[in-house]
Amino acid sequence: MSSIPLFPTEAVRRPVASVVSNSPARVFERLAALPKLAEVTPASRLTVRPTPEMVSSGVREIDALTGGLPRGGLTEVCGPVSSGRTSLLLAVLAAATQRQEACALVDVSDAFDPVTAALAAVNFESMLWVRCKTNPPQRHRDTEKTNQKHEDPYRCRMGPPVEQALRVTDLLLQSGGFGLVIIDLGDVALKVARRIPLTSWFRFQRAIEHTPTVLFVVTQAPCAQTCAALLLKVKAAKKLSALSPQLSVLKTLSHAELLDGFRVETEILRSRIPRKPAQSATAAFVTKTVRAG
Amino acid sequence: MAFACIFVPDFPVEALLRTEPGLRSQSLAVLEGKPPLQKVFAVNENARCAGVTPGMTKLQIEACSGLAFRTRSVLQEAAAHAALLDCAQSFSPRVEDAAPDTIVLDLLGMELLFGALPEIARNIAHRALDLGLTANVAVAANPDTAVIAACGLRGVTVIPEGKESERLGNLPVELLAAGVHESEQLLETLHRWGIRNLRDLAALPDVALSERTGQRGVYLQKLARGETVRTLVPVDPPLVFEEAIELEYPLTLLEPLAFLLSQLLDRLCSRLAARALATQELRLELELASEYQEESVGTGDPARPVRAQARQRFHRTLRLPLPLLDSKTFLKLLQLDLKAHPPGAPIVKIHLAAEPVRPRPGQSGLFLPPSPEPEKLELTLARIAAIVGEEKVGSLEILDTHRPQGFRMQRFTANHSFSSVSEPALSAAEGYLRGELTDGSDDLVTALRIFRPPAAVTVTLCEGRPTFISCPRQKETRGEILWAAGPWRSSGDWWEQEGWARDEWDIAVQEETSIGLYRLVRDLLDGRWLLEGTYD
């Protein structure tokens with residue numbers, strides 16, 4: 001079987017210096033001429049990862065900050081209680097459902113409020129709501145016996161709702177076709193959320209890669225680590241945090257005056273999407289109360 | 001004019017072989033009657049070659065080695081007959097239901113749709129085979145000739161017009177008298193004359209035959225010559241798609257049940273496909289073994305023996321949001337449903353019915369946003385329901401009430417209809433295709449996270465306003481109330497037993513590390529303070 005030489009035979013007889021003196025362009029030309037290597041791109045010519053398609057988050061300030069939410073990527077939003085995470089979640093959900101994309105909300109703590117969601121213009125017809133905070137249904141004895149034979153990858157140190165949420169998310173992402181899948185871990189204790197194996201986040205990220213799905217995760221502190229294409233931190237702005245020393249002013253606030261104009265600051269902690277400026281940046285948006293008066 | 005006849009030889013055997021195709025290569029006898037007086041009702045070709053004939057007793061055939069025997073199932077024969085009708089209806093709207101094993105169909109004009117007559121005949125035979133029935137198909141210029149040819153000639157036969165006498169000549173005369181007593185007497189006469197086949201009968205002089213046997217003999221001679229003329233009597237069979245299996249032994253495990261359900265679903269889907277239909281509702285009825293019924297009902301009360309003897313029926317209905325026709329999807333959905341709702345007793349009879357509907361159009365819009373495939377979505381929803389419970393998954397509908405938690409869960413369906421896409425969605429989709437990002441809304445709402453169930457709290461009041469809160473369930477929610485707005489008073493349904501009345505407060509609580517915003521509720525009916533949720 002004859003093999004095609006990489007270099008001309010006379011080059012083999014020449015001194016090494018003369019072979020090295022061949023310009024890289026000529027080597028690439030010869031490589032490209034070889035039939036087996038014609039389709040191989042040399043490592044030096046590899047292009048950068050393609051920029052993901054971005055989709056509106058429903059909040060103008062965040063769109064201006066991040067360029068939107070990446071499709072085929074995991075977006076994580078973290079922040080403490082009463083920081084505005086759920087308000088952002090509703091805005092993202094409303095924007096996606098108004099685009100008539102199929103959306104799924106995996107509600108780990110069963111904390112979703114339909115009334116405020118309706119006021120946030122969420123279209124419920126396009127939204128699948130999975131409420132995980134429940135006892136698992138009774139199963140048939142045969143099923144239980146069969147399941148006991150196999151090691152359950154989810155049966156670890158997390159609580160039943162988190163286990164259910166991971167299973168459900170797996171099913172939703174493998175099923176495909178959803179434009180937005182939200183995992184709401186906002187009320188899950190930090191120590192429990194951090195017990196979610198990194199392999200689960202990798203699996204989720206791998207499942208949505210090259211798909212139009214946006215995976216949106218709400219947590220108290222970052223959990224998905226390097227799997228997150230975009231990591232946002234939200235916190236309540238000064239108005240709420242400055243209340244404590246101003247009790248005398250506070251007592252005079254009218255009904256719902258505090259909640260109206262609730263200012264939320266958002267900061268990018270990590271982003272794989274190339275943007276300008278490259279360093280961390282913040283944006284703020286304001287929410288309104290659902291009550292009058 | 002062209003007519004086709006579909007004839008299934010040994011129909012009771014074929015009906016059973018639909019459920020047990022593995023027996024097709026064996027000798028099989030179908031028994032009828034109550035034990036111990038069971039007699040052979042029908043046999044297949046192998047059993048006939050082994051010397052088994054209808055009318056023999058079970059005791060006689062038990063001596064035959066390698067012979068399998070089954071009890072006759074009227075249910076399965078009815079299902080096989082319905083399948084035969086579906087097969088015929090998929091080729092022609094004019095179908096005559098001549099007998100349980102014989103269907104005649106008018107092929108006038110069908111050549112334009114399905115090709116030449118031999119091709120149609122072959123396709124009919126293939127379709128019958130898909131439905132689990134090995135059938136003889138014959139095409140002829142008149143219905144009677146087609147029936148005789150199908151009964152007498154194996155496989156596919158096409159008899160050109162004018163060649164009837166020639167093609168039918170070798171068939172025995174007994175074919176003409178199937179089940180007619182008067183004809184049987186006449187056949188005895190013909191037998192004595194030495195007439196053995198249709199060629200001999202056709203060759204007899206008309207007048208002499210008429211003088212000796214009357215009009216009946218002339219009619220039989222016309223049949224032998226293929227010269228009869230009659231009008232087809234078409235039927236319009238109802239669109240009922242049902243399949244059933246009676247089991248010899250009770251089933252106790254779900255796995256073998258799934259195997260049988262798979263067969264039933266395959267047959268149902270084939271029948272629906274033959275009629276260009278799909279289904280949106282599957283009804284499963286299981287008949288459970290009576291001895292378990294006695295155990296479950298028997299509570300030591302001797303006054304209920306009659307009820308204990310009755311067989312219990314187990315019903316499950318699978319409703320789908322869209323018309324589907326995929327037996328694997330149906331099987332998986334039924335398996336998940338039965339795992340969640342096991343019958344609770346051994347199964348002796350399975351009855352499966354499908355509600356036929358028109359299939360959904362396959363064409364979707366160019367500007368439709370991504371949505372899950374209906375088959376996959378149904379399976380995913382069923383699997384999720386098995387994890388979290390049926391009532392915990394779906395889309396929600398807000399009820400027309402001010403009652404707290406005034407919503408209900410309903411089945412989630414992805415939007416697949418192009419006509420249902422609203423104009424704003426279309427314009428948004430077009431903008432999305434142009435690469436535009438939609439503008440964020442200015443009216444972002446402060447969201448509320450609900451505690452389900454609400455947490456009971458202890459509240460200290462000062463001049464009617466809450467000033468301190470302590471929640472035993474959430475230890476971190478304890479502290480001075482920095483700010484409180486309220487109360488918002490609401491009530492409703494006071495004319496019913498489930499009346500409600502409450503005061504709602506929005507409060508800011510100084511916690512250890514931060515300030516929490518909560519919704520505090522006082523139930524005016526029982527005076528309890530509850531923490532309903534947190535603003536986030």
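The values are calculated or read from the model by the stated rules, or taken from the named source; none is laboratory data. All values derive from a computational prediction rather than experimental measurement. Every residue, glycine among them, receives a Cβ derived from its backbone with ideal geometry; neighbour counts consider all protein chains shown. SASA here: full protein model, heavy atoms, side chains in, ligands and nucleic acids out. Shrake-Rupley method; radii C 1.70, N 1.55, O 1.52, S 1.80 Å.
Inter-chain neighbour count for B:368-381: the average number of beta-carbon atoms from partner chains within 10 Å of each residue's beta-carbon is 5. Take every Cα pair under 8 Å whose residues are at least 6 apart in sequence, average their separation, divide by the length of segment B:57-215, and the relative contact order is 13 percent. When only alpha carbons are used to place a centre, segment B:10-79 and segment A:105-123 end up 62 Å from one another. The 3J(HN,Hα) values that the Karplus relation (6.51, -1.76, 1.60; θ = phi - 60°) gives for segment B:29-35 are, in residue order, 10, 9, 9, 9, x, 8, x Hz. Gly and Pro appear as x. Taking every residue in B:332-340 and counting other chain Cβ atoms within 10 Å of its Cβ, the average works out to 1.
DSSP beta bridges confined to chain B are antiparallel in about 90 percent of cases.
Rounding to the nearest 10 and keeping the result within 0 to 90°, find how far the Cα-based axis of helix B:181-192 lies from the longest principal axis of chain B. Orientation of helix B:181-192: about 30 degrees from the principal axis. Local charge for B:GLN89 was computed over the other residues whose Cβ lies under 15 Å away, with Lys and Arg +1 and Asp and Glu -1, and equals -2.
Working from Cα pairs under 8 Å separated by at least six residues, relative contact order for chain B is 9 percent. For chain B, the 222 nm mean residue ellipticity estimated from helices alone, with every DSSP H stretch of n ≥ 4 adding -39500 (n - 2.57) and the total spread over all residues, rounds to -10000 deg cm²/dmol.
Per residue, segment B:1-160 exposes 41 Å² of solvent-accessible protein surface, assessed with a 1.4 angstrom probe and all protein chains in place. Take B:THR228: with every protein chain present and a 1.4 Å probe, its accessible area is about 10 Å².
Working note: Karplus 6.51/-1.76/1.60 with θ = phi - 60° gives segment B:464-470 the couplings x, 10, x, 10, 8, 9, 9 Hz, where Gly and Pro are set to x. Computed with a 1.4 Å probe on the full set of protein chains, the accessible area for A:SER23 sits at about 50 Å².
Once B binds A, the 1.4 Å probe can no longer reach about 6700 Å² of accessible area, counting both sides.
With Cα atoms as the point set, segment B:448-535 shows a radius of gyration and Dmax of 13.0, 46 Å. Once the Cα atoms are used to define both axes, helix B:374-388 deviates from the longest principal axis of chain B by about 50 degrees. Amide H contacts under 5 Å for B:TYR535: B:ARG449, B:LEU517, B:TYR518, B:ARG519, restricted to partners 5 or more places along the chain or on a different chain, H placed in the peptide plane at 1.01 Å from N. Mean separation of Cα pairs under 8 Å and 6 or more residues apart, divided by the residue count, gives segment B:448-535 a relative contact order of 29 percent. In terms of the mean number of neighbouring beta-carbon atoms within 10 Å, the peptides A:85-95, B:147-157, B:49-59 order highest first as A:85-95, B:147-157, B:49-59. Residue by residue along B:512-524, Cβ atoms of other protein chains within 10 Å of the local Cβ number 3 on average. Relative to the longest principal axis of the Cα atoms of chain B, the long axis of helix B:117-130 lies at roughly 50 degrees. For B:TRP483, the residues whose modelled amide H falls within less than 5 Å of its own, excluding neighbours fewer than 5 places apart on the same chain, are B:ALA508.
The figure for A:LYS235 is an accessible area of roughly 100 square angstrom, using a 1.4 Å probe on the protein chains alone. Treating r as the C-beta distance of B:THR458 and B:TRP494 and R0 as 25 Å, the FRET efficiency rounds to 0.35. Residues in segment B:49-61 carry Karplus couplings, in order, of 5, 7, x, 8, 10, x, x, 5, 7, 5, 4, 5, 7 Hz; the curve used is 6.51 cos²θ - 1.76 cosθ + 1.60 with θ = phi - 60°, and Gly or Pro positions show x. Under a 5 Å amide H cut-off, with hydrogens placed 1.01 Å from N, B:ASP10 pairs with nothing among residues at least 5 apart or on other chains. Among the lysines of chain B, pairs that are 8 or more positions apart or on different chains and have alpha carbons within less than 14 Å of each other number 5.
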